[in-house]
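Undergrad: Please see the structure below; I have some questions.
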Amino acid sequence: MVRTSVVGLGLVALVLGYAAPAAGQWLVTDARRIGMGGLTLGRSGSAVRYNPAYRAVPAQADRRGQPKVTIPIPLGIIQFLHDHPHISKDPMFHPDSAGFNPILVVNTILNLPLYLEVKQAPTPTNDVAFTIGKNQLVVNLGAAGQLVPEDQFGISGSSRPLDFGIDIKGVRFGVMGWLHDQVQFQLGDTLLAFLHDSVPARDSTTYNVLVHGLVEGGFAPTISYAGRIAGDSATGLYVGGALHYYLGAGYARTDGTAGFLTGDTIFGGTNPVTPLGATFTQYSKPGNTLGHGIGGDVGVAWVSGPIEVGVGVNDIGATITWPDTRQDNAFYKDSSYSKPVANHVETTTKLPVSYIVNLAYTVGRTTLGADVLNTGLGATVHVGGEQRIGPWAVRGGIARDQRKRIEFGWGGGLRFGGLGLDVGFWTHTNSLSNERGITMATSLSIY
Amino acid sequence: MRAKWLWTICLAGLAAGCGKGEAIFNVNVYSFLPPKQDSVPYVIPPSTPGIDTGSVPQRISLPGVGSSIVDSILIFGTLDLHNTGGTGTLGLQLFMASDSAGTYSPSAAVLTVTSKTVTGTQVVPDTVQGKLLSNADSLFAKTQLWVRVAAHGSNASAVTPVTGTMVLTSLMLSVFINDKIF
């Protein structure tokens, strides 16, 4: 049982530590986009989500070579099920089994087997040395020490799972669902130095991790506008804006620290360390008075012949006020206890501002583009292009992920009338390695 | 108990990062010995083919390596044989067990160093190095083990006893684990 807990916690930390850069790649199910390094073109992908002006921009599917529908072909799942036919009994996924492989579990989570992994990112294979004395503990992780995150790490997302309404001449009345989650960790200085720089552990010293977690969600009646304010369908300036009245159904937030205190002699007693924990938790349960706040989106898109430029910003000023919040303190040292701080008090949360800037240039059968997308946890940059030659298409791109690492995409496609088959390759470093792996995505396109 | 697995949490994360590389625990056994416990006085009576004179067992705390498999354990140390009289041979013997009493069992011997000859009043430096017997491997999966150091000697003289003190000056174990650590 203890072992299971340990393994679980270890894995959670690892997954969270490396999931952030993965998030941006998980959701791309279009082999065409993957072949262009994740580039957003026209009304595809992120442009419509983050730039309200794009609701009014004509799709111009033919000009961009963009399909109406993309259906992913999950070759990776077939491969995964072939390799692990009885996953519920597979010892590699059972912490209590001697064959349990945490590396495999973490890599599977970080690189969901939707697509075929044609080159596995190698895991570090260096030795790890622990030096232990009565009052001495030194850990030398070697090259693997570089995997210890120096900065804040975690996962964060802001999504709109529902969005329905009616359009009347560019004005849209609707309701959208909204969801914001954030889990972040920051290693304390002593723990970071111990793990990353092999600084010897000190006695009577606290080693801790700062923890922040937040989840909130609700719905938002929205009025928005998107339309062309200048030009015509060939050359036009489009603007869009949305005003949301956010209604919060519930939220929970915790901020705290978790760690341990070394004894006056590190290995001098039965328990080398004393666990410590302290959190400040705030929550407003569903059923409490709804949270409320106002925020907005703005966007502009300019289309001029072969050139298309767009800028969109979401959730501007979106501060949610929660009028009925409970606050608790919780502590742990030898045993746990909690202490209510306040109830029915007013607190606020803030949705992260997201933005996208995109550029596309099309000449003849060549399309080039670039975009910068920030969903609140660092910007990603994509630059790519596509050359269509008869029924064939050749694609390439480059991206900078949230870890500021450069990734590469390439691929191609073959179109038969209204049906196309696309293949895209994308490097990734989002597993427990500093070396790149390569994913192959395949999808069917309907034009 | 709660505190123990905190160490293992750290180790779990660390080991996960090291893939199939080895985990090496360098345990400074000498640092766990209380003052004067590093010295083992010996008296070998005349005409004694072999005798052990040992220290009291000493507990060593470890992080524990759980279900991992210990591949091998190497030892390196130094000692001085402060002989005060007689002529004979002396060498270090190391016992390890999961409890204090177990270290007195002959089967707990995990290392016997080749004996050196001592004579008269002299200080004979010696080096301890080698690979521990495999019966020590499983002990390192736990969070503590007991160690006892003994001087193993013989005296061929029919008249003069061999007397002196064996003084450890360093003792380090290197535990190699080539399996995942948890």
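Undergrad: When the dipole is taken about the Cα centre of region A:170-329, and only Lys, Arg (+1) and Asp, Glu (-1) are charged at their Cβ, what size is it in debye, to the nearest 20? Spell out each step's value before the answer.
TA: Working: 6 positive and 13 negative charges, 84 e Å.
Using Cβ point charges on Lys, Arg, Asp and Glu, region A:170-329 gives about 400 debye.
Undergrad: Per residue, how big is the convex hull of region A:375-447 when only Cα atoms are used? Give it in Å³. Working shown, then result.
TA: Numbers: hull volume 7.0 nm³, N = 73.
Taking the convex hull of the Cα positions in region A:375-447, it is 96 Å³ per residue.
Undergrad: Here's a follow-up. When the Karplus curve 6.51 cos²θ - 1.76 cosθ + 1.60 is applied with θ = phi - 60°, which whole-Hz ³J(HN,Hα) does each residue of region B:37-42 get, with x for Gly and Pro?
TA: Those phi angles translate into 6, 7, 10, 10, x, 10 Hz.
Undergrad: So what are region B:64-117's ellipsoid semi-axes, whole angstrom, largest first, if each one is the square root of 5 times an eigenvalue of the alpha-carbon gyration tensor? Don't skip to the end; give the middle numbers.
TA: Working: eigenvalues 169, 41, 17 Å².
They are 29, 14, 9 Å, listed largest first.
Undergrad: Further, regarding this structure: Just want to confirm a number: the relative contact order over chain A, from Cα pairs under 8 angstrom separated by 6+ residues, in percent. List each step's numbers first, then the result.
TA: Values: 1208 pairs, mean separation 92.8, N = 447.
After rounding, I find 21 percent.
Undergrad: For the peptides A:223-230, B:108-115, B:45-52, what is the packing order when you average, over each peptide's residues, the other Cβ atoms within 10 Å and list the highest mean first? Intermediate values should be presented prior to the final figure.
TA: Working: A:223-230: 16.6, B:108-115: 18.8, B:45-52: 13.4.
Listed from highest to lowest mean packing, they are B:108-115, A:223-230, B:45-52.
Undergrad: Here's a follow-up. What percent of all Cα-Cα pairs in region A:236-326 falls into each 10 Å bin, going from 0 up to the bin containing the maximum distance?
TA: Going out from 0 Å in 10 Å bins, region A:236-326 shows 14, 21, 18, 16, 15, 10, 5, 1 percent.
Undergrad: Using θ = phi - 60° and the Karplus curve 6.51 cos²θ - 1.76 cosθ + 1.60, what whole-Hz ³J(HN,Hα) does each residue of region A:181-188 get, with Gly and Pro shown as x?
TA: So the Karplus estimates, Gly and Pro as x, are 9, 8, 10, 9, 10, 9, 5, x Hz.
Undergrad: Here's another thing I want to ask about it. What Rg and what Dmax come out for region A:161-241 when only alpha-carbon atoms are used, in angstroms?
TA: Rg then Dmax for region A:161-241, in Å: 25.0, 73.
Undergrad: To two decimal places, what compactness ratio does region A:350-413 give when its Cα radius of gyration is scaled by 2.2 N^0.38 Å?
TA: Region A:350-413 yields a ratio of 1.32.
Undergrad: Given charges of +1 on the Cβ of Lys and Arg and -1 on the Cβ of Asp and Glu, with all other atoms neutral, how large is the dipole of region A:278-432 about its Cα centre, in debye to the nearest 20?
TA: Values: 13 positive and 12 negative charges, 71 e Å.
Dipole size: approximately 340 debye.
Undergrad: Ok, one more. Would you kindly derive the ³J(HN,Hα) couplings of region A:137-144 from the backbone phi angles with the Karplus curve 6.51 cos²θ - 1.76 cosθ + 1.60 (θ = phi - 60°), listing them in order in whole Hz, with x for Gly and Pro?
TA: 8, 10, 10, 10, 7, x, 5, 5
Undergrad: Using a Gaussian network model on chain A with a 10 Å cutoff between Cα atoms, which of A:G76, A:G412, A:G170 fluctuates the most?
TA: A:G170
Undergrad: Still on this structure: In angstroms, what radius of gyration and Dmax does chain A have, counting Cα atoms only?
TA: My reading of the Cα-based Rg and Dmax gives 25.0, 80 Å.
Undergrad: Hey, how many Å between the Cα centroid of region A:328-405 and the Cα centroid of region B:152-175?
TA: 68 Å
Undergrad: So which of A:K134/B:K142; A:K89/A:K119; B:K36/B:K131; A:K134/B:K36; A:K68/A:K404 end up more than 23 Å apart, counting from Cα to Cα? Write out the running numbers ahead of the final one.
TA: Details: A:K134/B:K142 16 Å; A:K89/A:K119 26 Å; B:K36/B:K131 26 Å; A:K134/B:K36 16 Å; A:K68/A:K404 32 Å.
Long pairs (Cα-Cα over 23 Å): A:K89/A:K119; B:K36/B:K131; A:K68/A:K404.
Undergrad: In whole angstrom, how far apart do the alpha carbon centroids of region B:29-59 and region A:111-187 sit?
TA: 55 Å
Undergrad: At q = 0.14, 0.15, 0.17 Å⁻¹, what log₁₀ I(q)/I(0) does region A:145-289 have when each alpha carbon counts as one equal point scatterer in the Debye sum?
TA: These q points yield log10 I(q)/I(0) values of -0.83, -0.88, -0.99.
Undergrad: Over region A:356-447, what is the relative contact order in percent, taking alpha-carbon pairs closer than 8 angstrom and at least six residues apart?
TA: Values: 199 pairs, mean separation 15.0, N = 92.
Across region A:356-447, relative contact order equals 16 percent.
Undergrad: Just tell me how shielded A:135-146 is by partners: mean number of partner chain Cβ atoms within 10 Å of each residue's Cβ, no decimals.
TA: Numbers: counts 3, 4, 3, 1, 3, 3, 6, 3, 3, 7, 3, 1.
Counting other chains' Cβ atoms within 10 Å and averaging over A:135-146 gives 3.
Undergrad: Additional query: How crowded by other chains is B:22-33, given as the mean number of beta carbons from other chains within 10 Å of each beta carbon?
TA: Working: counts 5, 4, 6, 5, 8, 7, 7, 3, 2, 7, 6, 1.
What the average comes to for B:22-33 is 5.
Undergrad: Using only Cα atoms, tell me the angle between helix A:2-26 and the longest principal axis of chain A; keep it within 0 to 90° and round to the nearest 10.
TA: Once rounded, the angle reads 20 degrees.
Undergrad: Quick check on region A:320-394: what are the equivalent-ellipsoid semi-axes from the Cα gyration tensor, as sqrt(5λ), descending, whole Å? Please report the intermediate quantities before stating the final value.
TA: Details: eigenvalues 569, 54, 16 Å².
Ellipsoid semi-axes (Å, largest first): 53, 16, 9.
Undergrad: I'd like to know which of A:T289, A:A249, A:V341 lies farthest towards the positive end of the charge dipole of region A:205-342, counting +1 on Cβ of Lys and Arg and -1 on Cβ of Asp and Glu.
TA: A:V341
Each value in this text was obtained by applying a stated rule to the coordinates, not by laboratory testing. Since this is a predicted model, take the numbers as computed values, not measurements. Positions of Cβ are backbone-derived with ideal geometry, glycine not excepted, and every protein chain shown enters the neighbour counts.
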